[in-house]
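Taking it in order: structure first as structure tokens, then the write-up.
The values are calculated or read from the model by the stated rules, or taken from the named source; none is laboratory data. Small disclaimer: the values here were computed from a predicted structure and weren't measured. Methodologically, a virtual Cβ is constructed for each residue, glycine included, from the backbone with ideal geometry; neighbour enumeration extends over all protein chains shown. Each accessible area value is taken on the protein alone, full model and side chains, heavy atoms only, with ligands, DNA and RNA left out. Shrake-Rupley method; radii C 1.70, N 1.55, O 1.52, S 1.80 Å.
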Amino acid sequence: MAFAMKYFVRTYGCQMNVADSNEMARHLRARGFSATADPDDASIFLVNTCTVRQHAEDRAFSEIGRLRRWKAARPDRKVVVTGCAAERTRVFLERRFPHIDLVAGARSIESFGEAVDRLLSNRPTDESLDYAAGSPDGRVADFVTIMRGCNYSCAYCIVPYVRGRESYRPMGEILDEVRERVDEGVRDVTLLGQTVNSYHRDGRAGRNTDFADLLEAVGEVDGVERVRFISPHPFYMTDRVIEAMAAVPAVCEGLHLPVQSGSDAVLGAMRRNYTREGYLDLVGKLRRAMPGIVLSTDVIAGFPGETEDDFRHTLSLLEAVGFDWCFVFKYSPRQGTPAAERPAWPEALVEERHRVCLDLAEGIGRERRRRLVGTIQDVLVEGDGAGRTRGNYKVQIDGRAAAGSTVPVRVSNADRVTLEGERVDIAVGASSDPPSSCVTLARSPSP
Ligand code: 5AD
Ligand code: SF4
């Protein structure tokens, strides 16, 4: 049977993993493979795993288990397992799932191309084709990795163990990649790193290059309409970074700033290196610099030692800030981390706190979204009649809009997390797209 040169990628976990999947897919395309949405058509099945919580790891492992039959149907198929769980549990994976052909941990993304070459017994490659080939799916928004690893050691977190110490890409290399993405049609660039705003490089003269410099430089790249970044650490959210966010027009008024807890005792035990007050100060600075900024966060419910009182402090912090959305995670002990040594709360209590926190966060989010009803938002269209506001709300647009264009949309419904709205630059129900000159950033009134 002919070897179908197709790959299928399943990604678990965070945006870092999504970016890594994209990078690995580029390596596969450089070797003549193309993407498929149907695993039955694929000859390579790549599972990019996550280990940040046990649940994420379990889901990936069940999928890997099911791939035994996928592989048995055509033994020339390859099962490739990558990412953080692969880094952490390589030996277990190889023993437990002998049908895996290649395990490549999160630390070996850079050498993924060579590992694939060995796997495919030196199939001819053309890495340069990789970058000339362009984004196959016409992505409008994409990630660019600027740093890897994490020098923090938050007591609950496995990331530093699986991804290692921080390393930063040179600014020139980052800007080259941004230009490549723009050439492929990307307009909305998310700079990516585990503690993305700790970015710095030695400068040639005088001061180092820091994250604020990078924001300015990326914002100046021709064709970049929007710049975002994820995930920042509050400790590195300096005045310089906030000033650059406000000053660089392309940098969006939206920030996901993980807080984890609203109690100083828990923040201390987590080794987060900031206090509740420090976090609230930051929020104040961000709102003064960018009124209307959309704020979101991560919270962990049921951290070991978290008392009822600590938990109430987290709830009150969510109310005090008024986050537009909030990811609430049940604390999950990760073997090898300091928090895993401490007695865990009973599961029922963790679940209860998770539910209470989630309910509160959802109520606050709904309130925040309601304020948007009636406002006109610039929506960068990503496809399927949907796009994103500068604050990163997803919007379903009533009325046609070409992917890659930015259109003014009046928000009509904010009941759900995905907003709904109508274009205000064309009559709704018009049978054709407006002339391209109408596709503009200007907030023109309805004709
Ligand atoms: N348990 C629960 N949540 C965790 N996170 C990281 N490690 C754990 C853990 N052991 C959450 C944090 C982080 C997000 C990506 O995942 O909130 O910001
Ligand atoms: Fe994990 Fe903390 Fe590093 Fe984030 S900053 S990756 S939570 S150790």
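What's the number of the condition Val417 fails, among (1) within 24 Å of the chain's Cα centre (by Cα); (2) in a helix (DSSP H, G or I); (3) at pLDDT below 95?
Every condition holds for Val417 apart from (2).
Give me the residue from segment 53-90 that is surrounded by 20 or more Cβ atoms within 10 Å (Cβ to Cβ) and polar (S, T, N, Q) and, out of that set, farthest from Ser108 (Cα to Cα).
Within segment 53-90, the match that is farthest from Ser108 (Cα to Cα) is Thr89.
Mind listing whichever residues of segment 380-414 are within 16 Å of Asp324 (Cβ to Cβ) and under 19 Å from the mean Cα position of the chain (by Cα)?
Of everything in segment 380-414, those that are within 16 Å of Asp324 (Cβ to Cβ) and under 19 Å from the mean Cα position of the chain (by Cα) turn out to be Arg388, Thr389, Arg390, Gly391, Asn392, Tyr393, Lys394, Val395.
Which numbered condition in (1) open to solvent by less than 30 Å² (accessible area, probe 1.4 Å); (2) touching a strand residue (DSSP E or B) at 6+ places or on another chain (Cβ under 8 Å) is the only one that Val373 fails?
Among (1) open to solvent by less than 30 Å² (accessible area, probe 1.4 Å); (2) touching a strand residue (DSSP E or B) at 6+ places or on another chain (Cβ under 8 Å), the lone unmet condition for Val373 is (1).
Give me the pairs, please: first residue somewhere in segment 155-176 and polar (S, T, N, Q), second residue anywhere and open to solvent by less than 40 Å² (accessible area, probe 1.4 Å), beta-carbon distance under 8 Å, and either six or more positions apart or on two chains.
Matching pairs, first to second residue: Ser167/Met147; Ser167/Arg148; Ser167/Gly149.
Please enumerate the residues belonging to segment 149-176 that are surrounded by fewer than 19 Cβ atoms within 10 Å (Cβ to Cβ), part of a helix (DSSP H, G or I) and away from ligand 1 (no atom under 12 Å from the Cβ).
Selection gives Met171, Gly172, Glu173, Leu175, Asp176.
Do any strands (runs of 3 or more DSSP E) lying entirely in segment 228-338 carry at least 3 residues that are touching a helix residue (DSSP H, G or I) at 6+ places or on another chain (Cβ under 8 Å), within 15 Å of ligand 1 (Cβ to nearest atom) and not hydroxyl-bearing (Ser, Thr, Tyr), and which ones are they?
Correct list: 294-301, 325-330.
So which residues in segment 286-305 are open to solvent by less than 10 Å² (accessible area, probe 1.4 Å) and touching a Ser or Thr at 6+ places or on another chain (Cβ under 8 Å)?
If the condition is that a residue be open to solvent by less than 10 Å² (accessible area, probe 1.4 Å) and touching a Ser or Thr at 6+ places or on another chain (Cβ under 8 Å), then Val299, Ala301, Phe303 are the ones that fit.
Taking segment 26-52 on its own, how many of its residues are in a helix (DSSP H, G or I) and open to solvent by 10 Å² or more (accessible area, probe 1.4 Å)?
Within segment 26-52, residues that are in a helix (DSSP H, G or I) and open to solvent by 10 Å² or more (accessible area, probe 1.4 Å) number 6.
Does segment 352-369 hold any residues that are touching a residue at least 24 places away in the same chain (Cβ under 8 Å) and open to solvent by 80 Å² or more (accessible area, probe 1.4 Å), and which are they?
Matches in segment 352-369: Arg366, Glu367.
When segment 216-236 is examined, which residues are found to be open to solvent by less than 20 Å² (accessible area, probe 1.4 Å) and within 16 Å of ligand 2 (Cβ to nearest atom)?
Passing the criteria: Phe229, Pro232, His233, Pro234.
Are there any pairs with C-beta distances below 6 angstrom linking a residue in segment 204-215 that is surrounded by fewer than 17 Cβ atoms within 10 Å (Cβ to Cβ) to a residue that is at pLDDT 80 or above, with the two at least 6 apart or on different chains, and if so which?
Asn208/His200
Only residues that are open to solvent by 30 Å² or more (accessible area, probe 1.4 Å), among the hydrophobic types (A, V, I, L, M, F, W, C), more than 16 Å from ligand 2 (Cβ to nearest atom) and under 30 Å from Arg312 (Cα atoms): list them for segment 237-270, please.
Ala265, the sole residue that qualifies.
Within segment 1-24, which residues are modelled with pLDDT of 95 or more and more than 14 Å from Ile109 (Cβ to Cβ)?
Answer for segment 1-24, where residues must be modelled with pLDDT of 95 or more and more than 14 Å from Ile109 (Cβ to Cβ): Lys6, Tyr7, Phe8, Arg10, Tyr12.
Surrounded by 14 or more Cβ atoms within 10 Å (Cβ to Cβ), of a type in the set (Ser, Thr, Tyr), touching an Asp or Glu at 6+ places or on another chain (Cβ under 7 Å) and farther than 30 Å from Ser412 by Cα - does that describe any residue in segment 306-319?
Checking segment 306-319: not a single residue is surrounded by 14 or more Cβ atoms within 10 Å (Cβ to Cβ), of a type in the set (Ser, Thr, Tyr), touching an Asp or Glu at 6+ places or on another chain (Cβ under 7 Å) and farther than 30 Å from Ser412 by Cα.
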